[in-house]
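Report on the structure given below.
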Amino acid sequence: MTTTVPQPTADTRWRCTLCGNLTRFDVTRSSRVVEYVHLDLAGEPKVEEREVLSETIESVRCRWCSAVDQIELVDRPGAGS
Ligand SMILES: [Zn+2]
């Protein structure tokens, strides 16, 4: 499975190519995780640890203009200086 969404790094961030939104996105993510489930005596489960085995971002939708996967990477403020 391939993703068309670029991964932001320490120096870059997402930007919607249509409206310029930098801050608000709906991210659809699929992940494989191992959870340590601890049940109390009443049988109520609680996840105490979560280990992420793999994670894929499937799509990113802009909260402002609802464009899907119209995302580019731009430098964060102050990056590279
Ligand atoms: Zn947008």
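The values are calculated or read from the model by the stated rules, or taken from the named source; none is laboratory data. Quick caveat, the model's predicted, so the values are computed rather than measured. Here Cβ is always computed from backbone atoms with ideal geometry, including for glycine, and neighbour counts include all displayed protein chains. Accessible surface areas use protein heavy atoms only, side chains included; no ligands, DNA or RNA. Shrake-Rupley method; radii C 1.70, N 1.55, O 1.52, S 1.80 Å.
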In whole percent, the fraction of accessible protein surface over segment 12-75 that belongs to carbon or sulfur atoms, probe radius 1.4 Å, stands at 44 percent
Going from the alpha-carbon gyration tensor of the chain, what semi-axes, largest first and in whole Å, does one get by taking the root of 5 times each eigenvalue?
-> 33, 15, 13
Whole number in Å², please: accessible area per residue of segment 12-75, 1.4 Å probe, ligands, DNA and RNA not counted.
-> 73 Å²
Amide H partners (placed H, <5 Å) of residue 18, local residues excluded | none
Once amide hydrogens are built 1.01 Å from N within the peptide plane, the residues lying 5 or more places from residue 58 or on another chain with amide H under 5 Å from its amide H are 28, 29, 30
Relative contact order, percent, of segment 12-75 when contacts are C-alpha pairs under 8 Å separated by at least 6 residues?
-> 44 percent
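What's the local net charge at residue 48, with K and R +1, D and E -1, over the other residues with C-beta under 15 Å away? If you can, show how the numbers build up before the last one.
Details: positive: 46, 50; negative: 35, 40, 44, 49, 51.
It works out to a net charge of -3.
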Cα-centred dipole magnitude for the chain, charges only on beta-carbon of K, R (+1) and D, E (-1), debye, nearest 20 | 440 debye
Modelled FRET efficiency - R0 30 Å, residue 44 with residue 12, Cβ distances, 0.05 increments = 0.10
